[in-house]
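Below: the structure, in structure tokens.
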Amino acid sequence: MEILTGFLDAIKGIYESSGLVSLGWQNYVMIGISCFLLYLAIKKQYEPLLLLPIAFGMLLVNLYPGIMAAPHINLVEIQSANDPAATGHVVQEIGGKIYYEDPTYGGLLYYLYQGVKLGIYPPLIFLGIGCMTDFGPLIANPKSLILGAAAQIGIFITFTGAIFLGFTESEAGAIGIIGGADGPTAIYVTTKLAPHLLGSIAIAAYSYMALVPIIQPPIMKLLTTKKERGVVMEQLRPVSKLEKILFPIIVVILIAIFLPDAAPLVGMLMLGNLFKESGVVERIAKAAQNELMNIITIFLGTTVGATASGANFLKLDTLKIIALGLIAFCMGTAFGVLFGKIMYKLTGGKINPLIGSAGVSAVPMAARVSQKVGQQENPGNFLLMHAMGPNVAGVIGSAVAAGVLLNVVG
């Protein structure tokens, strides 16, 4: 009989500690959302390198919230400091009573998340991006820097709109940066300005990055004429090795002096690029763009997804953030195209306005969209390298915009 009672008590204990008792309806909704995101990442291949770990982190935290639990200390009352139970523990007296500290360790993802919280992972991602980026098209056509800057205007307009919707300045700054279509930058800014919104903003940012081929073409076609889309641009001039080496050094000096808040992101981006272009640290360059990049991507994606628990994510503010993020991204694309039209006029029709849409930071996806839309009008048109100029300029521009927001509202 005692064996049966013990067995039933064990079954009861397992049941009471299971998710069937502890999980709420919000968790089940988020489990459904995470499965949908996994479908998009695996079946549709929408930004799978980050969307897959983000979705799985979201799944984990809603199945087992303790995986993101912070460590804490339980105080256990004892009769005296010599109590054997207190051996090896810190003993303290509070209000005339004696306690020993019984520490409880945090969940696995809580510790990995510290790299996000402390602003370590996003700059390391930029280091890897720098190793994979060719700034040659931007150096060959410096005017494309204007298009990269124009695409960031949507960030600041959305920042104003978010304030009107009741968000604080810090929250509005974090929401606005979604318009740059740069996930690591969005995460970096959000951890500094509004960490409680990290899950919503990260998922919105990476979702819109993944949807670039769907969102951008209608805007591009709406704002341009058939003649403008068919413009064939001249071949870019060759860029020397010396120019490519000097570029990251000059950029980091200027930005670090005039906008130091952007230095962590831009500095790591330019360091990675210098690894690549110098040609003297090939082994380091390969490690940064492969092993380091892959490891940080796993940690970043999984822990950011784990911030999206049901209680934190399923709020009215989340819907506002998703809507504002879409507006920011669409406006960034629109302003890039509109400035492209201005350059088209000023150059007598030598600039194809479509490359302006690549001013958002989704490298190289946005440049490929410019190429695709251009070829639909003129099969002999090759805009990819021309669009890469504004595209890589957008990476720098989003980091600069982040520095401005951190300086103004941080």
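The values are calculated or read from the model by the stated rules, or taken from the named source; none is laboratory data. Just so it is clear, the model here is predicted, and its values are computed rather than measured. Methodologically, a virtual Cβ is constructed for each residue, glycine included, from the backbone with ideal geometry; neighbour enumeration extends over all protein chains shown. What goes into the accessible areas is simple: the full protein's heavy atoms, side chains included, and nothing from ligands, DNA or RNA. Shrake-Rupley method; radii C 1.70, N 1.55, O 1.52, S 1.80 Å.
How much net charge surrounds residue 243 when only other residues with a Cβ under 15 Å from its Cβ are counted (Lys, Arg +1; Asp, Glu -1)?
Result for the local shell: +2.
Please identify the trypsin sites (Lys or Arg not before Pro) of segment 125-233 that satisfy two criteria: DSSP loop assignment and at most 16 other Cβ atoms within 10 Å. Which are they?
In loop regions of segment 125-233 (DSSP not H, G, I, E or B), the sparsely surrounded trypsin sites (Lys or Arg not before Pro) are 143.
For segment 111-409, what % of the accessible area comes from carbon and sulfur atoms, probe 1.4 Å?
The computed percentage sits at 69.
Quick check for you: with a 1.4 Å probe and neighbouring chains kept, what is the accessible area per residue of segment 111-409, in Å²?
For segment 111-409, the solvent-accessible area averages 40 Å² per residue.
How big is D, in µm² s⁻¹, for segment 192-240 by Stokes-Einstein at 20 °C and 1.002 mPa s if Rh is the Kirkwood radius over C-alpha pairs?
It comes out at roughly 147 µm²/s.
Could you tell me which of 145, 100, 328 has its Cα farthest along the dipole of the chain towards the positive end, charges placed at Cβ (Lys, Arg +1; Asp, Glu -1), taken about the Cα centre?
Looking along the dipole axis, the top candidate is 145.
Top mean-square fluctuation among 107, 154, 130, Gaussian network model of the chain, C-alpha springs under 10 Å?
The residue that fluctuates most here is 107.
For segment 145-199, how big is Rg over Rh, using alpha carbon atoms and the Kirkwood form of Rh?
Rg divided by Rh gives 0.99.
Kindly provide log₁₀ I(q)/I(0) values, in the same order as q = 0.12, 0.13, 0.19, 0.23 Å⁻¹, from the Debye equation applied to equal alpha-carbon scatterers of segment 303-410.
-0.54, -0.62, -1.00, -1.20
For the chain, set up a GNM with springs between Cα atoms under 10 Å and report which of 330, 35, 131 has the largest fluctuation.
Looking only at 330, 35, 131, the largest GNM fluctuation is found for 35.
With +1 on each Lys and Arg Cβ and -1 on each Asp and Glu Cβ, and nothing else charged, work out how big the dipole of segment 283-365 is about its Cα centre, in Debye to the nearest 20. Write down the numbers at each step before the final one.
On the way: 7 positive and 2 negative charges, 64 e Å.
My answer is approximately 300 debye.
Using only the Cα atoms, what convex hull volume per residue in Å³ does segment 83-206 have?
Per residue, the Cα convex hull of segment 83-206 comes to 166 Å³.
Let's see if you can work this out: charge +1 on each Lys and Arg Cβ, -1 on each Asp and Glu Cβ, no other charges. What is the dipole magnitude of the chain about its Cα centre, in debye to the nearest 20?
Here the size comes out at about 2180 debye.
Restricting attention to the alpha-carbon atoms of segment 318-367, what are Rg (one decimal) and Dmax (integer), both in Å?
So, for segment 318-367, Rg and Dmax equal 13.1, 45 Å respectively.
Taking the chain as the reference, fit the longest principal axis to its C-alpha atoms, fit the long axis of helix 365-377 to the helix C-alpha atoms, and give the angle between the two in degrees, 0 to 90, nearest 10.
Once rounded, one gets 40 degrees.
At a temperature of 37 °C and a viscosity of 0.692 mPa s, determine how fast the chain diffuses translationally according to Stokes-Einstein, using the Kirkwood radius over alpha-carbon pairs as Rh; express D in µm²/s, rounded to the nearest whole number. Please report the intermediate quantities before stating the final value.
On the way: Rh = 23.2 Å.
Translational diffusion coefficient: 142 µm²/s.
Stokes-Einstein diffusion coefficient for segment 189-282 at 4 °C in a medium of 1.567 mPa s, Rh from the Kirkwood formula over Cα pairs: what value in µm²/s? Walk me through the numbers on the way to the answer.
Numbers: Rh = 17.4 Å.
In µm²/s, the coefficient is 74.
How about segment 76-161: which chymotrypsin sites (Phe, Trp or Tyr not before Pro) there lie in a loop by DSSP and see at most 11 other Cβ atoms within 10 Å?
105
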